[in-house]
1. Summing Lys, Arg as +1 and Asp, Glu as -1, what charge do residues with Cβ under 13 Å from the Cβ of A89 carry, A89 excluded?
2. I'd like to check one number: the per residue accessible area of the stretch 6-94, probe 1.4 Å, reported in Å² as a whole number.
3. Calculate the length of the line joining the C-alpha centroid of the stretch 88-154 to that of the stretch 56-70, in whole Å.
4. Within the stretch 95-141, what whole-number % of the accessible surface is contributed by carbon and sulfur, with the 1.4 Å probe and all protein chains included in the calculation?
5. Counting Lys and Arg as +1 and Asp and Glu as -1, what is the net charge of the other residues whose Cβ lies under 10 Å from the Cβ of M11?
6. Give me the net charge for the shell around G140: Cβ to Cβ below 10 angstrom, other residues only, Lys and Arg +1, Asp and Glu -1.
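The values are calculated or read from the model by the stated rules, or taken from the named source; none is laboratory data. Nothing here was measured: the structure is a model prediction, and the numbers come from that model. Reconstructed Cβ throughout: ideal geometry from the backbone, glycine too, with neighbour counts over all protein chains shown. All accessible areas refer to the heavy atoms of the entire protein, side chains included, with ligands and DNA or RNA removed. Shrake-Rupley method; radii C 1.70, N 1.55, O 1.52, S 1.80 Å.
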Amino acid sequence: MTVFSLDPAAMPIGYGEAILPLDHAKQHLRVDATDEDSLIALLRDAAVDLVERYCSIPLGPRSGFVWQGANGCFVAGSPVHLGVHPVTAIISIDAIDATGATITALATDFTIGPHDRLQPKPTKEWPDATGGATIIFDAGYGAGEAGTKVPGLVAAVRLFLGHLYENREAVATHGIEGEIPLGVMFACARYRMPAI
């Protein structure tokens, strides 16, 4: 079994706006005033972040994901699952061999196969990763594609935004007390990548 970690790229400035514009978010919340625009934008970005992390699907184009594999993470004949969908480009592949030297592989020697699994092209092979490896890559849907390719996840962002806006605490202190259910998890369930 390959042990790896995935460091998500930071959310770029304006990213949440591209996924769910502020005017659409306010329309969903039925808010006309502008005095809460910064709060709504913050909550919108938090909703986008939660949905993306829960499902491992960037809803817009993202750069700089870092996959780090443990010693011996590359196995001949086996692809590497990068943990995010859809992978759009491999930026770099660096492996550490048995002597501790860094081997930089050509990204063009690899292909993204079914289910976003990275594998060497025919006649190519993985570099020696006795000491581990790092892969930097880009992932996510192109601008405007999220609403047409994964409308359920955009709806989940709206649902969670509404939850965050209406319920500023984890428990209700009036009426029925208890944790507020999150239907967003149900909305995300069919898109969520299984844990590996």
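1. Values: positive: R62; negative: D116, D138.
Result for the neighbourhood of A89: -1.
2. 48 Å²
3. Taking the Cα centre of the stretch 56-70 as reference, the centre of the stretch 88-154 is 10 Å away.
4. 55 percent
5. Values: positive: R62; negative: D45, D49, E52.
The answer is -2.
6. Once positives and negatives cancel, what remains is -2.
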